[in-house]
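Accompanying notes for the structure given below.
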Amino acid sequence: MTLPEQLRHSIKDTYKNTLNFKGRTGRLDYWLFIGFYAVASLFVYALSALAITEEVGEVIYGIFVFVHFFILIGLQARRLHDTNKSAWWLLIGFIPLIGMIVLLVFYILPSDQGPNRYGNDPNTFESAPGQEVL
């Protein structure tokens, strides 16, 4: 799969699983979506600066951030699951600096090979114990 195809797949899969806090997301899919979100966020911010009034621009950007907040929480939970860690580890992010560094390390870690307690390996089509392949 080429990089543009992988990017489209990553974006589509992340939006499709917006409120899904189960399963796994591979490292490449995670970082591709984070890159897409960063670029889209800058684009929406620039567009909001061109709004009729400053308040309208703030509302536009606020809606974008609010909608993507839940998408990013689900994505981060699935990425932690891919490294065989509970999504409860997201709470460590509330510890200033140290928490964010720990989470960054977890997001950089390679995926667990094969199925784990959170589901199938996103890079294969094997089934985890007690789960069916769809």
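Conditions (1) out of contact with any Cys (no Cβ under 6 Å at 6 or more places or on another chain); (2) within 23 Å of Pro4 (Cα to Cα); (3) at pLDDT below 90, marked per residue:
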{"position": "Val39", "(1), (2), (3)": "yes, yes, no"}
{"position": "Leu42", "(1), (2), (3)": "yes, yes, no"}
{"position": "Ser48", "(1), (2), (3)": "yes, no, yes"}
{"position": "Gly57", "(1), (2), (3)": "yes, no, yes"}
{"position": "Leu72", "(1), (2), (3)": "yes, yes, no"}
{"position": "Phe106", "(1), (2), (3)": "yes, no, no"}
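Keeping to segment 30-45, report how many residues are surrounded by 11 or more Cβ atoms within 10 Å (Cβ to Cβ) and out of contact with any helix residue (DSSP H, G or I) (no Cβ under 9 Å at 6 or more places or on another chain).
1
On the given criteria, is Thr53 buried (at least 16 other Cβ atoms within 10 Å of the Cβ) and at pLDDT below 95?
no
If I filter segment 1-21 down to residues being farther than 17 Å from His81 by Cα and part of a loop (DSSP other than H, G, I, E, B), which single residue comes out as least open to solvent (accessible area, probe 1.4 Å)?
Thr2
Go through (1) assigned to a helix (DSSP H, G or I); (2) more than 19 Å from Val65 (Cβ to Cβ); (3) at pLDDT 90 or above; (4) not hydroxyl-bearing (Ser, Thr, Tyr) and name the single condition Arg24 misses.
(1)
Would a scan of segment 78-93 turn up a residue that is over 27 Å from Gly114 (Cβ atoms) and surrounded by fewer than 17 Cβ atoms within 10 Å (Cβ to Cβ)?
Yes, some residue in segment 78-93 is over 27 Å from Gly114 (Cβ atoms) and surrounded by fewer than 17 Cβ atoms within 10 Å (Cβ to Cβ).
Would you please list the contacts, defined by Cβ atoms under 7 Å and residues six or more apart or on different chains, that run from a residue in segment 98-124 that is assigned to a helix (DSSP H, G or I) to a residue that is open to solvent by 50 Å² or more (accessible area, probe 1.4 Å)?
Close Cβ pairs satisfying both conditions: Phe106/Trp89.
The values are calculated or read from the model by the stated rules, or taken from the named source; none is laboratory data. Predicted, not measured: the structure shown is a model, and the values here were computed from it. Positions of Cβ are generated from backbone atoms using ideal geometry, with glycine treated the same way; all protein chains shown enter the neighbour counts. Accessible surface is based on the protein model in full, side chains and every heavy atom, while ligands, DNA and RNA are left aside. Shrake-Rupley method; radii C 1.70, N 1.55, O 1.52, S 1.80 Å.
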